[in-house]
């Protein structure tokens, strides 16, 4: 059924930016576009439903469609399923709508960041762009990402029991020695590292590399289902995932971060707040301990 193929696209978009699953999009889109083409002739001319289906079909026929446009078009065609839907398809339709909403949020963040980067690229010389990225890595990247992640990882690694280790993942807030900071699950659910650091990187290669590593880790971490009440108390449910698998995915991201920091010319941690591996250690030495 059409909804099954639409859901495949929406789910991929809810998990990662389009450029990370573009080949899969190109594999799935021709079949879906043909299905929509058949439906178009059955819809009433001049209606929003028909207009939205046409827009989606045209986007599916593009080699690399606008990500936000695709997400919004998938949302708009949900009207096709609002009436006369068999009971057995209601669950997947609800799943589809939830996935599309996540896709839109992810695409909006990506598009907003792209526009912000483009404004800078239009005003900065190539040398100034490199200087901008270096400062971004040395400040925002160091404070909000690398040293915070290293401190969380070290705390999990050194925890005497699994229960103690899990609190750094599951708790809404944890104390790493400098007051409360978000727990790991909450941090990834908010994507603050993306917006404050990774998406701000001007260099396409560096940004793409870290974006890919970030979402690889996020896909694993988000497999832990968290149910939080209004007071911020959360209960975790590990569905087919273990703490060791979460820790390993997080470790791979940190290794990628360390390597990327050295690529831009940063050799030491700044030790702004967190010092899990000592005061301003060499990144090459920290790398060996992860």
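The values are calculated or read from the model by the stated rules, or taken from the named source; none is laboratory data. Bear in mind that the values here come from a model prediction, so they are computed numbers and not experimental data. Don't worry about glycine lacking a Cβ; one is built from the backbone with ideal geometry, like all the others, and counts go over all protein chains shown.
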Among the residues of the stretch 49-83, which ones are out of contact with any helix residue (DSSP H, G or I) (no Cβ under 8 Å at 6 or more places or on another chain), under 12 Å from residue 29 (Cβ atoms) and outside any helix (DSSP H, G or I)? 62
Given the conditions (1) assigned to a loop (DSSP other than H, G, I, E, B); (2) surrounded by 13 or more Cβ atoms within 10 Å (Cβ to Cβ); (3) out of contact with any helix residue (DSSP H, G or I) (no Cβ under 7 Å at 6 or more places or on another chain), report the number of the one that residue 46 does not fulfil. (2)
For the stretch 172-186, enumerate the residues that are closer than 11 Å to residue 228 by Cβ and either surrounded by fewer than 20 Cβ atoms within 10 Å (Cβ to Cβ) or outside the structural domain of residue 249 (by TED's automatic domain parsing) (or both). 172
Sort through 72, 108, 129, 118 and tell me the only one that's loosely packed, with under 13 Cβ neighbours inside 10 Å and at pLDDT 95 or above. 118
Looking at the stretch 217-250 only, could you name the residues that are buried (at least 16 other Cβ atoms within 10 Å of the Cβ) and part of a helix (DSSP H, G or I)? 217, 218, 220, 221, 243, 246, 247, 249, 250
Is it true that some residue in the stretch 264-281 is assigned to a helix (DSSP H, G or I) and surrounded by fewer than 13 Cβ atoms within 10 Å (Cβ to Cβ)? no
